[in-house]
Amino acid sequence: MKTVLRLPSWRRARAVAGAALLAVWLAAPGAAHAEVAAADPIDASMRTCLARADMSSTVGQVQCMDAARLAWQTSMDQSLQQLLSKAPDAQRKKWEESQKRWKVWREADGKLLGAILATTRGTSYQLAGADMLLQPVRDRALALRTAAAESGKQDPKKRPRACSFDAQCEHATFDLNRYYRRLHAKLPSHARPLLSRAQRAWTAYRDATVPLMDARSQIDIIGARVAQLKRMGDTAGND
């Protein structure tokens, strides 16, 4: 009998997000950006900006997303400082290492994304690039916000287990490897080392961060990377 796996929450959310974002790229009037949540002022501000008639051009839409990215960057920095002020010394050093690894990964991924966009034609991919720069910053800001709010309250029993003992984690890791290979195959040979460096940097970030978080967050970190690699693979080589 074939086992039917329930689609993990991060995959459902990202699938919905991808469809809605495509609607925005196609300039559907009043289309909602599915990656944003109305409860957060940064998301609401970006949605308002994207809907403005004077920001309807590709340049304007990119400016809206860039402004949101910078706002999330500020939010991320504030949450990190709150977290570090609450954490004991040992935990503080681990969070500082996590953030250091995150920054190294983002720099490496920025270079990779630049190489990917160089293989494309069309303004829609400029929007895709802006969103792929935005989402990791937003994800990190929200993760640090949650960690700061829950500092000292984490239940050790909810710490993540090795992926080999977690079916969702194994499934996400399988997808991770699949989309990595797909993107590698689509990239020109000169860009493949950028992918390798970016993925090593992401792995270092994951390994520094997962022990600080709960099991759900482990899936979220891997799932976000799966979504990013899939979008990069969908983008590479298109015109």
query = Are there any helices (runs of 4 or more DSSP H) wholly within segment 1-92 with 3 or more residues that are charged (D, E, K, R) and at pLDDT below 95, and if so which?
reply = 9-25
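Would you say CYS169 is in contact with an Asp or Glu (Cβ under 8 Å, 6 or more places away or on another chain) and over 28 Å from ASP40 (Cα atoms)? First the steps, then the outcome.
Working: in contact with an Asp or Glu (Cβ under 8 Å, 6 or more places away or on another chain): no; over 28 Å from ASP40 (Cα atoms): yes.
It is false that CYS169 is in contact with an Asp or Glu (Cβ under 8 Å, 6 or more places away or on another chain) and over 28 Å from ASP40 (Cα atoms).
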task = Might you let me know whether segment 218-234 holds any residue that is under 30 Å from GLY122 (Cα atoms) and either surrounded by fewer than 16 Cβ atoms within 10 Å (Cβ to Cβ) or without any contact (Cβ under 8 Å) to a residue 12 or more places away in the chain (or both)?
result = yes
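ASP239: in contact (Cβ under 8 Å) with a residue 24 or more places away in the chain, more than 29 Å from ALA67 (Cα to Cα) and either of a type in the set (Asp, Glu) or surrounded by 19 or more Cβ atoms within 10 Å (Cβ to Cβ) (or both), yes or no?
Criteria not met by ASP239.
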remark   = Taking segment 180-199 and keeping only residues that are within 25 Å of PRO160 (Cβ to Cβ) and touching a residue at least 24 places away in the same chain (Cβ under 8 Å), one is left with TYR180, ALA198
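Within the group LEU176, LEU194, which residue is within 15 Å of the chain's Cα centre (by Cα) and either in a helix (DSSP H, G or I) or under 29 Å from THR146 (Cβ atoms) (or both)? Lay out the reasoning, then the answer.
Details: LEU194 fails: within 15 Å of the chain's Cα centre (by Cα).
Just a single option satisfies the conditions, and that option is LEU176.
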ask   = Does segment 159-167 include one or more residues that are at pLDDT 85 or above, over 30 Å from THR119 (Cα atoms) and not in a loop (DSSP other than H, G, I, E, B)?
value = yes
query = Does ARG161 meet the test of being buried (at least 16 other Cβ atoms within 10 Å of the Cβ) and of a type outside the set (Val, Ile, Thr)?
reply = no
task = Return the residue satisfying two criteria in turn: it lies in segment 172-204 and is farther than 17 Å from ALA227 by Cβ and charged (D, E, K, R), and of such residues it is surrounded by the fewest Cβ atoms within 10 Å (Cβ to Cβ).
result = ARG200
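The values are calculated or read from the model by the stated rules, or taken from the named source; none is laboratory data. It should be emphasised that the depicted structure is a prediction, and the values quoted were computed from it without experimental measurement. Neighbour counts are summed over all protein chains in view; Cβ atoms, including those assigned to glycine, are modelled from backbone coordinates with ideal geometry.
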